[in-house]
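Data first, discussion second: the structure below is written as structure tokens.
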Amino acid sequence: MKVLLICAGGMSTSMVMKKLEKYAAANGIEDFEVSAVGVGSFRDVVDNYDVILLGPQISYKKDDVLEGSGGKPVGVIAPADYAIGNCEHIFAQIDSLMA
């Protein structure tokens, strides 16, 4: 599964991205890829991903991202999960969106 993380500039999600990669490796989650981009450039890469997650700071952009997602599932990471990088909850959200 390929996950696209979107935030205001792509920087804060890079920390979450690294935690997700470590979690996937430690828990035997195969075929997992994740990238982080700023909201201004997600349309350039969205076709390469299966699911899209927004950082909570740009939750107000969800409708715009849905419109440009090509019908792919879009969710907003809960602020508490985002703040501490709660990978277990974030992976549960990804699974829910993919179902």
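Dividing the Cα radius of gyration of segment 1-61 by 2.2 N^0.38 Å, with N the residue count, gives 1.09.
Neighbours of Tyr82 by Cβ distance under 15 Å: Lys/Arg scored +1, Asp/Glu scored -1, total +2.
Please give the per residue accessible area of the chain, computed with a probe of 1.4 Å over protein heavy atoms only, in Å².
53
Modelled spin-label separation between Ile84 and Asn27, with each label point placed 7 Å from Cα along the Cα-to-Cβ direction: 1.5 nm.
Report the residues of segment 1-29 in range of a label on Asp64: point 7 Å along Cα→C-beta, backbone N strictly under 14 Å from it. Counting only backbone N, you get 6-10.
Helix 87-98 and the long axis of the chain differ in direction by around 50°, with both axes built from C-alpha atoms. Once the Cα atoms are used to define both axes, helix 12-26 deviates from the longest principal axis of the chain by about 40 degrees. Simple point charges give the picture: +1 on the Cβ of Lys and Arg, -1 on the Cβ of Asp and Glu, and for the chain a dipole about the Cα centre of about 280 debye.
If each residue of separation counts as 0.36 nm, what is the full-extension length gain between Ser41 and Lys2 once their alpha-carbon separation is subtracted?
Full extension from Ser41 to Lys2 adds 12.3 nm.
Find the centroid of the Cα atoms in segment 1-34 and in segment 64-99, then give the distance between the two in whole Å. If you average the Cα positions of each part, the centres end up 11 Å apart.
The values are calculated or read from the model by the stated rules, or taken from the named source; none is laboratory data. Since the structure is predicted, the reported quantities are computational estimates derived from the model, not experimental observations. Here the Cβ is made from the backbone with ideal geometry for all residues, glycine too, and neighbour counts use every protein chain on show. Heavy atoms of the whole protein, side chains included, go into the accessibility calculation; ligands, DNA and RNA do not. Shrake-Rupley method; radii C 1.70, N 1.55, O 1.52, S 1.80 Å.
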